[in-house]
Amino acid sequence: MKSSRSSFFSRFTTLALFLSLALLLAAPASADVRLPAIFADHMVLQQGIECRVWGWADPGEEVTVSIDGVKHTASAGKDGRWQTRLQALSVTRPGESLTLTVQGKNTIEIQDVLVGEVWICSGQSNMAWAVSQANDADLETKTARFSRIRLISVPQVGTQEPQDDFKGKWEVCTPEAAAQFSAVGYFFGRQLHQTLDVPVGLIDNAWGGSACEAWVRRDILEGDAKYAALMQRWTQTEKSFDADKEQAAFQTKLQEWRDLAAKARAEGKQPPPQPRFNNPLVGNARPANIYNGVLKPTIGYGIRGVIWYQGESNAPRAYQYRDLFPLMIQSWRDEWQQGDFPFYFVQLADFKEEKPEPAESDWAELREAQTMTMARLPNTGQAVIIDIGEGKDIHPKNKQDVAMRLARWALARDYGPSDLVYRSPEYKSMEKQGSKIVVTLDHVGGGLAPFDTGEPVGFAIAGEDKKFVWAKAKLVGTDKVEVWSDAVAEPVAVRYAWADNPVCNLYSKEGLPVTPFRTDDWPGVTAEAK
């Protein structure tokens, strides 16, 4: 009986443990208050605005957010998300920092918070290009010690599912941190920091090779007939792409490559390039992929503005970019709910072979589409870099000048008043005078000046037959250029720097290159590309 009674109590105890465990599992879990990665130690808050702070907690839980002696409260909704706005804060001076405290059932303390200027650094590979890959990388990295510049990078995640967080952290700018950060972003932020003497926070979310449509919400693209053909192509790809089948085929190719590479090395030869597996469904071109996976987790974070370097991937559809690029900018502004924040972008550099005669160019048409954006949307600006590209390298290493031209826009437009000349000269009008055409330019600063030679180079002229020939040019006053060719008796159109890689030399006296332009509107090579 003793043994039986012991067995009964043993079974009863085991049953009680199981019941207790089942009750615990059935009960709703109590979650700690948590924050997305964008709110973390060493972060920078945008000065002068009511910055949003958000996170997650138990539904209905009261959350208190405190900074600089002021408390703000929020209540988590049914989805567990809460949000509040901080009071507008002033710049933290050298040696100062704040603590951001978030308290619910638990307490989070974010240390070493600075208040200053926050910029998004976005686009494709020329924005992603790191300091370690730029000109004078050894010198630049050794001197990248700025305790009041903070850096954070968003990983490349391509998905159709909107993400609410990412894996990343804010870092104090050190040689090690700067070396791997966007060169254009870092040099831009450094110029602002040194000029304004304020903390600067830089958020790098660039993705090499990315297409503009990947940065736009899918429903926006699907709701506009201009992108019907583009979306139809992607719908077909999404239906037909078999990832498992393609992966198996890739493994076969990879093994073949390994065999060829081993043979080549054994013979002292250069191995062939290694094949890469491309899954377009998670890549950087699928509409909305980057918006969902990279941009969405940061939307709403307090910023001053955006710098952008992209367009190469959309050059084959340059006419479409006339609408697509402004659509992307406006969609970001609509969601950020910070008004028409500054959006400054880099025009495509010169690239590819120089042509002996005037020719059509999709890159020239993409540059034109970029220039048009300034007339389409307020508070946008273009840094022209037609003079600092590399014909054989799509990634020119001179990122310093790129950043300085972007910084001119920001310093003159957003931190003025300023006497900085910031805008490249642009085409304004033309007048036919006999066998010549006189072109008038706007935004010429102290006047126009050719570089390296006595007369302007890079002009082409055409008659009604639309056949362009190289033209002679002469400066007339501070803002006009007289253009002509003995081969064109009745000219009707002029083009300047209209090529993939134009030979051109006209600047403002402040050193900003004249923006490539054409006076005609004849259909280009990408006019029908959708």
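The values are calculated or read from the model by the stated rules, or taken from the named source; none is laboratory data. Because the structure is a prediction, the values reported are computed rather than measured. Virtual Cβ from ideal backbone geometry, glycine too; neighbours counted across all protein chains shown. What goes into the accessible areas is simple: the full protein's heavy atoms, side chains included, and nothing from ligands, DNA or RNA. Shrake-Rupley method; radii C 1.70, N 1.55, O 1.52, S 1.80 Å.
Relative to the dominant Cα principal axis of the chain, helix 228-240 is inclined by about 50°.
Applying both filters, DSSP loop and at most 11 other Cβ atoms within 10 Å, to the trypsin sites (Lys or Arg not before Pro) of segment 210-288 gives 269, 276. Checking every one of the chymotrypsin sites (Phe, Trp or Tyr not before Pro) in segment 430-499 against DSSP loop status and a limit of 14 other Cβ atoms within 10 Å picks out 451. Under 5 Å between amide hydrogens, built in the peptide plane, is the criterion, and for residue 288 it picks out 214, 215, 216 among residues at least 5 positions away or on other chains. Would you mind classifying segment 186-240 by shape? Square roots of the alpha carbon gyration tensor eigenvalues, ordered a ≥ b ≥ c; an a/c under 1.5 is rounded, otherwise it is prolate if a/b is larger than b/c and oblate if not. It comes out prolate by the Cα gyration axes. For residue 204, the amide hydrogen comes within under 5 Å of the amide hydrogens of 121, 152, 153, 154, counting only partners 5 or more places away or on other chains and with H modelled in the peptide plane. Derived scalar couplings between HN and Hα for segment 251-265 equal 4, 5, 4, 5, 5, 4, 5, 4, 5, 5, 5, 5, 5, 5, 5 Hz in order, rounded to whole Hz, by the Karplus curve 6.51 cos²θ - 1.76 cosθ + 1.60 (θ = phi - 60°), x for Gly and Pro. Database remark: amide H of residue 45 closer than 5 angstrom to the amide H of 114, 115, 116 (H placed geometrically; neighbours at sequence offset of 5 or more, or on other chains; Pro and chain starts carry no H).
Each part gets one Cα centre, and for segment 143-212 versus segment 473-530 those centres are 36 Å apart.
Spin-label model, residue 62/residue 392: points 7 Å from Cα along the beta carbon direction are separated by 7.0 nm. Computed from Cα positions, the angle between helix 399-414 and the longest principal axis of the chain comes to roughly 80 degrees.
Using the Cα gyration tensor of segment 368-437, with a ≥ b ≥ c the square roots of its eigenvalues, what is the shape: rounded (a/c below 1.5), prolate (a/b larger than b/c) or oblate (neither)? Here segment 368-437 falls in the oblate category. The helix-based estimate of mean residue ellipticity at 222 nm for the chain, built from -39,500 (n - 2.57) per DSSP H run of four or more residues and divided by its residue count, is -9000 deg cm²/dmol to the nearest 500. Using the alpha carbons alone, the radius of gyration of segment 449-530 stands to its Kirkwood radius in an Rg to Rh ratio of 0.99. Does segment 205-288 classify as rounded, prolate or oblate by the C-alpha gyration tensor (a ≥ b ≥ c root eigenvalues; a/c under 1.5 gives rounded; else a/b over b/c gives prolate, otherwise oblate)? In terms of gyration-tensor shape, prolate.
Looking at segment 179-267, the chymotrypsin sites (Phe, Trp or Tyr not before Pro) that sit in a DSSP loop and have at most 16 other Cβ atoms within 10 Å of their own Cβ are 241. Convex hull volume of the Cα atoms of segment 97-164, normalised per residue: 154 Å³.
Solvent-accessible area assigned to carbon and sulfur over the chain amounts to 51 percent, based on a 1.4 Å probe. Once the 1.4 Å probe is applied to the protein heavy atoms, segment 393-519 comes out at 44 Å² accessible per residue.
Relative to the longest principal axis of the Cα atoms of the chain, the long axis of helix 183-196 makes an angle of roughly 90 degrees. For the chain, the Kirkwood estimate of hydrodynamic radius, built from reciprocal distances between every pair of different alpha carbons, is 26.4 Å.
Evaluating kT/(6 pi eta Rh) at 37 °C and 0.692 mPa s, with the Kirkwood radius of segment 285-380 over Cα pairs in the Stokes-Einstein relation, gives 223 µm² s⁻¹. Size check on segment 77-216: the Cα extents along the three principal axes, sorted descending, read 51, 43, 22 Å.
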